[in-house]
Amino acid sequence: MKAKNLLVIVDHDSMATFEKHAARLPGVNIAVEYVGELEQIDKQAAAAEIVLLLCWKPAKHTLQRILQANPKIAWVHTWWAGVDSLIFPELKNYPLILTNARGRFAEPLAEFAIGACIYFAKDFPRLRRNQKAAHWEQFDGGMLAGKTLGIFGYGGIGRSVARRAKGMEMRVLAVRRRIAADTTDANVHCIMPDSALPEMCRESDFIVASAPLTRETQGIFSNHIFQSMKPDAVFVNVGRGPVVDEAALIKALSDGTIKAAALDVFEQEPLDPSSPLWAMENVLISPHCADHYPGWIDHTIDFYVENLERFVHGRPLENVVDIESGY
């Protein structure tokens with residue numbers, strides 16, 4: 001069987017990871033380019049059949065340049081779940097398959113989301129303040145059991161959140177763009193269309209955003225949506241930062257429109273040191289690492305190796321992205 005030609009785009013932070021796993025990539029001739037340099041990119045792309053984006057910030061202009069050099073690239077894979085930084089309007093005109101790491105990060109993100117709900121329900125910030133001050137103060141903490149959790153974006157992450165929430169005796173509502181004819185889900189009380197987001201927010205004590213970034217979802221958590229939430233609502237974002245109008249969120253947190261927020265993603269990353277979010281006691285900030293866990297890189301590469309074996313042997317690939325939809 002003739003070896004396939006693989007072009008790997010890496011950054012300096014990811015090079016050691018690639019070198020560790022390069023020997024595991026079956027049936028391929030490998031060429032490597034650094035994402036910020038790309039001196040030989042046109043030559044390397046012209047010979048490639050497969051592109052692996054093994055870099056922290058894959059950019060659409062890099063992919064555009066690769067496809068200009070070789071419009072017949074058969075397969076592009078990014079080791080992240082989000083593809084919003086890659087998709088451009090003309091991409092759908094190319095005869096390629098785009099895949100991602102969807103599902104590789106669902107479990108740790110779901111744990112973070114539920115942990116954030118517990119953090120604010122039990123008022124851990126108050127406990128820490130009192131402990132630091134050696135102040136003995138008894139108070140009534142909240143409970144998750146019996147509360148309603150709303151999920152915006154019911155994909156792999158959303159389903160993992162729902163499973164855990166159901167186990168904690170919460171009532172779960174979900175909003176998703178695509179609703180199948182059979183919407184039976186033992187972990188969810190109701191699955192609603194995306195137009196029902198305000199209704200879901202009105203009913204929910206905790207709201208978890210786990211949706212991809214698309215034209216439709218960008219900025220969808222606006223002032224209007226935050227105004228529809230309960231005053232004691234907790235908002236958790238483990239999806240994409242730009243689905244939230246950050247200025248509207250800061251206002252809602254400042255004026256008491258909502259109780260608190262736990263954020264793993266932001267409109268601009270890293271989060272600017274001048275952002276008011278840093279100083280807010282009713283905000284829990286994670287620097288976009290809630291999906292990291294020991295061995296996460298190895299597991300992500302494992303998935304790619306399995307998919308590469310499928311490609312080399314002509315079998316269907318997993319995690320194919322619908323370029324038109326953006327996920």
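The table below gives the values:
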quantity: Residues of segment 4-50 satisfying the condition of being surrounded by fewer than 17 Cβ atoms within 10 Å (Cβ to Cβ), part of a loop (DSSP other than H, G, I, E, B) and at pLDDT 90 or above; calculated: none
quantity: Unmet criterion (only one of (1) touching a Phe, Trp or Tyr at 6+ places or on another chain (Cβ under 7 Å); (2) free of Cβ contacts under 8 Å to residues at least 60 places away in the same chain; (3) within 24 Å of GLU37 (Cα to Cα)) for TRP79; calculated: (2)
quantity: Which numbered condition ARG177 misses (of (1) surrounded by fewer than 19 Cβ atoms within 10 Å (Cβ to Cβ); (2) part of a helix (DSSP H, G or I); (3) touching a helix residue (DSSP H, G or I) at 6+ places or on another chain (Cβ under 7 Å)); calculated: (2)
quantity: Segment 135-147 residues that are at positive phi, paired with ones that are assigned to a loop (DSSP other than H, G, I, E, B) and of a type in the set (Asp, Glu) (beta carbon under 9 Å, 6 or more apart); calculated: GLY146/GLU169
quantity: Yes/no for ALA196 being assigned by TED's automatic domain parsing to the domain that holds ARG128, more than 28 Å from ASP123 (Cβ to Cβ), out of contact with any Phe, Trp or Tyr (no Cβ under 7 Å at 6 or more places or on another chain) and not in a loop (DSSP other than H, G, I, E, B); calculated: yes
quantity: Selection status of ILE250, free of Cβ contacts under 8 Å to residues at least 60 places away in the same chain and more than 23 Å from GLY158 (Cα to Cα); calculated: yes
quantity: Residue selected from segment 87-110 under the condition more than 16 Å from the chain's Cα centre (by Cα) and part of a loop (DSSP other than H, G, I, E, B), by the criterion surrounded by the fewest Cβ atoms within 10 Å (Cβ to Cβ); calculated: PRO95
quantity: Long-range neighbours under 8 Å by Cβ, at least six apart or interchain, first residue among the hydrophobic types (A, V, I, L, M, F, W, C) within segment 279-292, second in a loop (DSSP other than H, G, I, E, B); calculated: ILE285/LEU271; CYS289/ASP264; ALA290/VAL238; ALA290/ASP264
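The values are calculated or read from the model by the stated rules, or taken from the named source; none is laboratory data. Worth saying up front: this structure is predicted, and the values here are computed from it rather than measured. Glycine gets a Cβ as well: all are built from the backbone with ideal geometry, and neighbour counts include every protein chain shown.
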